[in-house]
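The values are calculated or read from the model by the stated rules, or taken from the named source; none is laboratory data. Quick caveat: nothing in here was measured; it's all calculated off a predicted structure. Cβ coordinates were reconstructed from backbone atoms using ideal geometry, including for glycine residues, and neighbour counts include every protein chain displayed. The accessibility values were calculated without ligands, DNA or RNA, using every heavy atom of the protein model including side chains. Shrake-Rupley method; radii C 1.70, N 1.55, O 1.52, S 1.80 Å.
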Amino acid sequence: MKAALMIVDVQDTLLPLVRRGAELADRIAALARELRPGGTPVVALQQVFDPESPVSTRLGLEPSDVVIRKTATDAFYDTELAALLTGWGVDTIVLTGLATDYCVDATARSALSHGLDVVLVSDGHAPAADGDPEAGLTAEQVVDRHNRILSTAVHPGGTLRLCPAAELPALVLR
């Protein structure tokens, strides 16, 4: 397995709007610090809805990390992401970020359709702080629902499995 860590839309303006945003950013930053020394590239995706919304400094990005600006929920749509991953020989993305029910979901499905395997960090993504009130779901229920749906659905291309952040380095760096 040749993996890349993908961080979806962890931006300073969005962190206060999602479930435990600061805690999530810190968890993702810790993963990046653990995975980089083993050769795992780090890609931060930035939703371009506001030019004043950079990728969060909480992530502690390094000069070797790549930031890709995107305009859609699907990080592969109209970006250089697929070509970059192919160039690196990546066959697996380790997926984290915001928001569970929008950009994380769309990027996971697109990665699978691109023939990539996905390791969804089960405690590494977050929806809006209030969950999905129209559907009657708390933020925790949104996370649980998407973890279940994405890990059990039949997708073309790759496979998706769940892994909690604490177990991820052992999985990726073995």
Practice task
Filter the range 16-59 for residues that are small (G, A, S) and open to solvent by 20 Å² or more (accessible area, probe 1.4 Å) and give the result.
Solution key: A22, A30, G38, G39
Handout entry: Subset of the range 110-146 (residues that are at pLDDT 95 or above and among the hydroxyl-bearing types (S, T, Y))
Key = S110, S122, T138
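Among the residues of the range 124-144, are any closer than 18 Å to V42 by Cα, of a type outside the set (D, E, K, R) and buried (at least 19 other Cβ atoms within 10 Å of the Cβ)? Before the answer, list the steps.
Within the range 124-144, the first condition is being closer than 18 Å to V42 by Cα, and the residues that meet it are 124-125.
Retained after the next criterion (residues that are of a type outside the set (D, E, K, R)): 124-125.
Now restrict to residues that are buried (at least 19 other Cβ atoms within 10 Å of the Cβ): 124-125.
Checked against the condition, which is being closer than 18 Å to V42 by Cα, of a type outside the set (D, E, K, R) and buried (at least 19 other Cβ atoms within 10 Å of the Cβ), the range 124-144 yields at least one hit.
Is it true that I7 is surrounded by 17 or more Cβ atoms within 10 Å (Cβ to Cβ), β-branched (V, I, T), touching a Gly at 6+ places or on another chain (Cβ under 9 Å) and part of a helix (DSSP H, G or I)?
Values: surrounded by 17 or more Cβ atoms within 10 Å (Cβ to Cβ): yes; β-branched (V, I, T): yes; touching a Gly at 6+ places or on another chain (Cβ under 9 Å): yes; part of a helix (DSSP H, G or I): no.
Taking the combined requirement at face value, the residue does not satisfy it.
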Practice task
Report yes if some residue within the range 48-60 is part of a loop (DSSP other than H, G, I, E, B), within 23 Å of R161 (Cβ to Cβ), β-branched (V, I, T) and out of contact with any Cys (no Cβ under 7 Å at 6 or more places or on another chain); otherwise report no.
Solution key: no
Practice task
Select from the range 140-165 the residues that are assigned to a helix (DSSP H, G or I), within 16 Å of the chain's Cα centre (by Cα) and in contact (Cβ under 8 Å) with a residue 40 or more places away in the chain and list them in ascending order.
Solution key: V142, V143, H146, L150, A165
